[in-house]
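Below you'll find the structure, written out as structure tokens, and then a few comments.
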Amino acid sequence: MGKTIQFTKMHGAGNDYIYVNVMDYPLENPSELAIRWSVPHFGIGADGLILIDKSDKADFKMRMFNSDGSEGKMCGNGARCIGKYVYDKGLTDKTTVSLETLAGIKELQLKVQDGVATEVTVDMGAPKIGNPALIVEASGQTFIGTEVSMGNPHLVIFVDDVNAIDLPVVGPLIEKNPLFPEGVNVEFVQVRNPEDVRMRVWERGSGITMACGTGACATVVAGAYNGKTKQNANVEMDGGTVNILWDKETGDVFKTGGAAIVFEGTISI
């Protein structure tokens with residue numbers, strides 16, 4: 001009989017991951033488990049696996065694995081869920097929590113009510129803007145996107161109607177385009193007004209997801225840079241809405257939204 005571990009499934013705006021406290025339940029093969037557990041029906045079902053560990057640089061350390069087993073540098077919605085996880089489970093009593101990621105140390109600000117973290121703001125750091133008008137072709141169509149790195153690569157494409165985009169077809173074609181040797185996250189964005197946008201995402205390594213935190217950040221950065229949005233805007237995704245602030249003084253991007261526990265359980269490995 002295999003070892004039994006405890007897990008928690010959480011989501012931020014519908015971007016759902018399986019969370020394991022590896023300080024209590026060490027995992028030797030997280031990439032393999034991410035693939036197996038993420039499968040709907042036959043597994044737990046999720047966009048991937050996130051590990052919460054101790055850190056010698058911050059309060060906690062985060063590792064995230066996409067549903068295809070690849071390791072990502074950062075997940076904004078995942079970081080937000082970790083803030084709720086560590087506070088609600090009594091792993092910390094801090095309302096300002098530092099989190100080590102492969103994209104650097106991120107600061108989480110927790111809003112607490114009745115002993116529960118109800119909202120988390122993540123300092124996502126400063127963005128890096130690449131080509132602001134990159135031309136890419138997919139499925140016989142030509143798109144113009146803005147390259148933004150939030151510790152992981154994004155291509156933000158502004159369109160008139162996000163629902164008119166055949167995301168299952170064009171998403172993987174752009175992700176694996178030779179222009180992006182390491183792949184890219186793709187956001188299609190419809191601007192309703194300068195403070196409100198609608199975004200759909202194809203995530204590198206996961207496909208269509210309900211939300212992407214770094215993608216929401218990249219969306220507002222690209223929008224503000226191109227004069228399409230303000231530097232403070234709400235981003236509505238398939239799974240919910242987050243607020244993004246690209247702070248003029250610090251240059252950092254702050255993402256605010258809720259996080260929720262879906263269910264908890266045990267599983268043998």
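Couple of notes before you dig in:
- Qualifying residue in the range 219-229 (condition: of a type in the set (Phe, Trp, Tyr) and under 25 Å from ALA259 (Cα atoms)): no
- When residues of the range 112-127 are limited to those that are part of a strand (DSSP E or B) and in contact with an Asp or Glu (Cβ under 8 Å, 6 or more places away or on another chain), the one nearest to LYS248 (Cα to Cα): ASP123
- Qualifying position, being of a type in the set (Gly, Ala, Ser) and modelled with pLDDT under 95, among GLY45, GLY14, GLY78: GLY14
- Count - residues of the range 50-77 that are over 12 Å from the mean Cα position of the chain (by Cα) and either of a type outside the set (D, E, K, R) or in a loop (DSSP other than H, G, I, E, B) (or both): 14
- Residue within the range 128-151 that is in a helix (DSSP H, G or I), polar (S, T, N, Q) and at negative phi present: no
- Of the residues MET23, MET1, the single one that is modelled with pLDDT under 95 and either among the hydroxyl-bearing types (Ser, Thr, Tyr) or not in a strand (DSSP E or B) (or both) is MET1.
- Of all residues in the range 105-137, those satisfying the criterion of being buried (at least 18 other Cβ atoms within 10 Å of the Cβ) and either charged (D, E, K, R) or free of Cβ contacts under 8 Å to residues at least 40 places away in the same chain (or both) are LYS106, GLU107, LEU108, LEU110, ASP123.
- A single entry from VAL201, VAL170, VAL221 fulfils the requirement of being buried (at least 24 other Cβ atoms within 10 Å of the Cβ), among the hydrophobic types (A, V, I, L, M, F, W, C) and either without any contact (Cβ under 8 Å) to a residue 40 or more places away in the chain or assigned to a strand (DSSP E or B) (or both): VAL201.
- Of the residues in the range 92-100, not one is surrounded by fewer than 20 Cβ atoms within 10 Å (Cβ to Cβ) and among the hydrophobic types (A, V, I, L, M, F, W, C).
- Long-range neighbours under 6 Å by Cβ, at least six apart or interchain, first residue assigned by TED's automatic domain parsing to the domain that holds TYR19 within the range 80-100, second buried (at least 19 other Cβ atoms within 10 Å of the Cβ) and in a helix (DSSP H, G or I): THR92/VAL86; VAL97/GLY83; LEU99/ALA79
- If you filter the range 173-198 down to residues that are polar (S, T, N, Q) and surrounded by fewer than 20 Cβ atoms within 10 Å (Cβ to Cβ), you find that the one that is farthest from PHE65 (Cα to Cα) is ASN193.
The values are calculated or read from the model by the stated rules, or taken from the named source; none is laboratory data. Quantities reported herein were computed from a predicted structural model and do not represent experimental measurements. Neighbour counts are summed over all protein chains in view; Cβ atoms, including those assigned to glycine, are modelled from backbone coordinates with ideal geometry.
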